[in-house]
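What follows draws every value from the coordinates through simple rules; no lab data is involved. Just so you know, these numbers come straight off a predicted model, no measurement behind them. Backbone-built Cβ (ideal geometry, glycine too); neighbour counts: all protein chains shown.
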Amino acid sequence: MSTQTEPKKPLNEFEAGLDKADKAVASFAQDDKTLTHVLRKFLRDYPTTIPALVLIVSILFFGAFANNFMTPGTLSLVLKQVTVTGIVAVAQTLIILTAGIDLSVGAILVLSSIIMGKLSVDFGLPPFLAISIGLFFGGLMGWFNGILVTVIKLPPFIVTLGTLSIFTALKLWYSASQSIRGSDIRETAPSLLFFGERISFGGFQITYGVVALLVLAGLVYYMLNHTAWGRHVMAIGDDPDAAMLSGIRINRTLVSVYAFAGLICAFGGWAAAGRVGSISPIGFDDVNLQSITAVVIGGTSLFGGRGSVIGSVLGAIIVGVFTTGLSLGGVDDYWQQFAAGCLVLVAVALDQWLRRATK
Amino acid sequence: MTNVQPILSARGLMKRYGQVVAMNGADFDLYPGEITAVIGDNGAGKSTLIKALSGAVVPDHGQIFLEGKEVHFKRPDDARNAGIETVYQNLALSPALSIADNMFLGREWRKPGVMGKVFRKMDHARMQDFARDKLNDLGLMTIQNINQAVETLSGGQRQGVAVARAAAFGSKVIILDEPTAALGVKESRRVLELIQDVRSRGIPIILISHNMPHVFELADRIHVHRLGQRLCVIDPKKHTMSDAVAYMTGAKEPDTELELA
């Protein structure tokens, strides 16, 4: 520390040469534009490109090697099969974007659909009211997850592992482990099966469930990219401390995310009733892991803050294409699971590679 | 000096984390149009003091006054809404979001009319223009585009974004925690010019820094923090850097009248 410092000198001596310094600001040299860098930057800027490319390639692949794959009937079937997984994957995307995870999505879905079915079939409530109450309870279950995550401050994995058991027990108790038969539903509340109905054009048979999935994905895309709420969800997953210091109400936003995800799952329960044609308390218990698979294959990072809902829908369709394509190609069931597992590992490895590029 | 009312002041702030006393009856005063530097050794409680003033920490006891009225900041957005902007040492930027998104994080502008009111649509175009203007003002934005992710920027550029955000929105007080710590000589100079620029617009600044030349160049007063308290406030024109360092490390006790300076 200098002793003879004259206070309030305009410039410190070591900075005197600055006037002559290069005034060009940060014009980067172009020497690091190798193909890898360009590719990385492109993929980081447009992360949905990867699942989109994988989807196109896999459709072409199975079109070439599996019999009857490239037909409107098969392609419609793939879409129909991924409806419920896709809807739940949309909910799961929201949670994972906040760097959380939701293992209770499947249980929320089934319990909500049982509520809808029981209220309308057994208690004779008008379907509209029964569905609304089912949706409400879906949101309530999600809200409960959110409260545990934010107020009690438990890790989302543990919270939803616990509520998975709780909601599973509740669904078995409330349904008395009995399915609600399709014929009963058709008689008393046909609108519960609305999403199973089809629109036909040119050999394609698209269910309303598929349309609902696409509309839902569009809505959530809009919310994430064009509303402040979406920015806050991203920011919280990215860096919660920075988000807090930027004045974001973290807890309030997180609770809204979990509640909204619960609501979407309940909606998925309604679509599932239409997809299956009946309501069973033991269906859709693998949708938890399937939705996570779809989200990860769709390029959303499990570490939060980056990803897209469109990618998750594409991820769900990719899994559907592989499953259907492999079975049409005469490959055994367990190799289908094998393929899905490989897709997940490749997707996560790719995410890591992209993240490293930013460090 | 006492005839001017401080714009921001604190009295008797206390904060304990378990056994650790971070603030032990800290006082603070910031006068209109001035730059007050806060210096102190590591662990003296500078950061906690600053966080209390910016709403990131709620003190256990004590009062904070903004323009003479007592305020209670429970969250950072309370302080922000009151017109106090802070650039934290870790910058508080969200790496995956764009420059423009970061500048408007927590205070997004919505589109006018139905799209904004009912559909809550953000006005990306207007926010980007504003962000670009503010960065251009600082000469920081001859670089690439406003929509690139903050994580692709260099440390100095990130600092620039954080300072620009505070300068753009701070209407009453701007707090800068180590604004030049991560910067090279040239970038530091630009940030110092920016700070003087902000002061010349009449907005008072709290500057936390370990860089004595910068502190002595900019500050109108220097608040020396020691052991969770205000030790004294010195005038940089009447004291040398070695005096300041001696006070803050405890090598020298200040004269009693200094405490009223």
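For the residues B:Gly113, B:Gly202, B:Gly155, a GNM of chain B with alpha-carbon springs under 10 Å puts the largest fluctuation on B:Gly113. If you run the Gaussian network model on chain A, springs between alpha carbon atoms under 10 Å, then out of A:Gly268, A:Gly182, A:Gly330 the most flexible one is A:Gly330.
Only lysine pairs 8 or more places apart or on separate chains count here, and in chain A those with Cα atoms under 21 Å apart total 5.
Sorting B:Glu85, B:Glu187, B:Glu253 by the number of Cβ atoms found within 10 Å of their own Cβ, with the fewest placed first, yields B:Glu253, B:Glu187, B:Glu85. Helix A:127-150 and the longest principal axis of the Cα set of chain A meet at an angle near 40°.
With the simple spin-label model, which puts each label point 7 Å out from Cα in the Cβ direction, the A:Leu60 to B:Arg107 separation comes to 5.0 nm.
Think of the protein assembly as shown as a dipole: +1 on every Lys or Arg Cβ, -1 on every Asp or Glu Cβ, centred on the Cα centre; then among B:Ala79, A:Gly268, B:Pro59, A:Gly268 lies furthest on the positive end. Annotation: peptides A:284-293, B:47-56, ranked by per-residue average of other Cβ atoms within 10 Å with the highest first, follow the order B:47-56, A:284-293.
Hey, can you grab everything whose amide H is under 5 Å from the amide H of B:Ile175? Only 5+ residues off in sequence or another chain; H modelled, so Pro and N-termini drop out. Counting only residues 5 or more places away or on other chains, the set is B:Glu85, B:Thr86, B:Val87, B:Ile206. Near A:Gln205, the amide H atoms lying under 5 Å from its own belong to A:Ser76; only residues 5 or more places off or on other chains count, and H is placed 1.01 Å from N.
Ranking B:Ala100, B:Met115, B:Ala125 by Cα position along the charge dipole of the stretch B:97-148, where only Lys, Arg, Asp and Glu carry charges on their C-beta atoms, puts B:Met115 farthest toward the positive end.
The stretch A:268-307 and the stretch A:29-104 have Cα centres spaced 15 Å apart. With only Cα atoms counted, the stretch B:97-148 has Rg and Dmax values of 12.0, 37 Å. Cross-link check: pairs B:Lys69/B:Lys117; B:Lys69/B:Lys252; B:Lys15/B:Lys134; B:Lys15/B:Lys69 evaluated at a Cα-Cα cut-off of 29 Å; pairs beyond the cut-off: B:Lys69/B:Lys117; B:Lys69/B:Lys252; B:Lys15/B:Lys134.
The length gained by stretching the chain between A:Lys41 and A:Ser132 to full extension, at 0.36 nm per residue less their Cα-Cα distance, is 28.3 nm. The antiparallel fraction among DSSP beta bridges confined to chain B stands at about 60%. Run through the DSSP bridge list for the protein assembly as shown and note the antiparallel percent, rounded to the nearest 5. Of all bridge pairs located within the protein assembly as shown, approximately 60 percent are antiparallel. A cut-off of 5 Å between modelled amide H atoms, ignoring neighbours fewer than 5 places along the same chain, links A:Ile101 with A:Phe157. Each Cα pair under 8 Å and six or more residues apart adds its separation to the average, and for chain B the resulting relative contact order is 26 percent. Between A:Gly329, A:Gly86, A:Gly307, the GNM of chain A built on Cα springs shorter than 10 angstrom shows A:Gly329 fluctuating the most. As a proxy for reagent exposure, ranking A:His232, A:His37, A:His226 by other Cβ atoms within 10 Å from fewest up yields A:His37, A:His226, A:His232. Adding -39500 (n - 2.57) for every DSSP H run of four residues or longer, then dividing by how many residues chain B holds, sets the calculated 222 nm ellipticity at -9500 deg cm²/dmol.
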